[in-house]
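J.: First, the structure itself, so that you have it in front of you.
The values are calculated or read from the model by the stated rules, or taken from the named source; none is laboratory data. These numbers were taken from a predicted model, which means no experiment stands behind them. Here the Cβ is made from the backbone with ideal geometry for all residues, glycine too, and neighbour counts use every protein chain on show. Accessible surface areas use protein heavy atoms only, side chains included; no ligands, DNA or RNA. Shrake-Rupley method; radii C 1.70, N 1.55, O 1.52, S 1.80 Å.
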Amino acid sequence: QVQLVESGGGSVQSGGSLSLSCAASGYRACMGWFRQAPGEEREEVARIGQNNKPVYADSVKDRFTISMAKAKNALYLQMTSLKPDDSAMYYCAADRYCNGNWNDWGQGTQVTVSA
């Protein structure tokens, strides 16, 4: 098990940008970003593996960019052209074997986009 700590959340106007970071206490082969808004289901935003291309939810494709710095055990999410619908608690998660089992989760960082 690894510890995950997200940072970078905040409040922005529609069309603005934010960059999220996730610091991990150890390396995992696959990592991803999830989000959950009040009253809604948790949604996978993006995932990336050490030798895999990133995969994005349709709702964020071409606006968000996920990246992983393997040597630093860090995960990033660059968000641009933010919309009010992007408002949610964003969570970092890790999958040790890239088999879809997201075993480790951070506590989340809040993103709020005002209209």
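J.: Just grab the label-to-label distance for N103 and K72, each label 7 Å out from Cα along the Cβ direction, in nm (one decimal).
T.: In this crude spin-label approximation the distance works out to 2.5 nm.
J.: Would you tally the net charge around A88, using a Cβ to Cβ cut-off of less than 10 Å, leaving A88 out, and scoring K and R as +1, D and E as -1?
T.: Result for the local shell: -2.
J.: Based on the Cα atoms of the chain, what semi-axes does the equivalent ellipsoid have, where each is the square root of 5 times one gyration tensor eigenvalue, given in whole Å with the largest first?
T.: For the chain, the ellipsoid semi-axes come out as 23, 14, 13 Å.
J.: Sticking with this one: With all protein chains present, how much of the accessible area of the chain (probe radius 1.4 Å) comes from carbon and sulfur, to the nearest whole percent?
T.: Reported share for carbon and sulfur atoms: 43 percent.
J.: Also: Express the accessible area of the chain per residue in Å², computed with a 1.4 Å probe while the remaining protein chains stay in the model.
T.: That works out to 55 Å² for each residue.
J.: For V2 paired with S81, estimate the spin-label separation in nm (one decimal), with each label point 7 Å from Cα along the Cα-to-Cβ line.
T.: Result: 3.1 nm between the two label points.
J.: What net charge do the residues around M68 carry, taking every other residue with its C-beta under 13 Å from that of M68, with Lys and Arg at +1 and Asp and Glu at -1?
T.: After counting each charged neighbour, the total is +4.
J.: Please identify every one of the GluC sites (Glu not before Pro) in segment 2-69 that sits in a loop by DSSP and has no more than 13 other beta carbons within 10 Å of its own beta carbon.
T.: Answer by residue number: E40, E41.
J.: Work out from phi, with θ = phi - 60° and the Karplus expression 6.51 cos²θ - 1.76 cosθ + 1.60, the ³J(HN,Hα) of each residue of segment 83-96, listed in order in whole Hz, and give x for Gly and Pro.
T.: Per-residue couplings from phi come out as 10, x, 5, 7, 4, 4, 7, 9, 10, 9, 9, 10, 10, 5 Hz.
J.: Further question on the same structure: Kindly count the pairs of lysines across segment 48-115 whose alpha carbons are less than 20 Å apart, treating pairs on different chains or eight or more residues apart as eligible.
T.: 4
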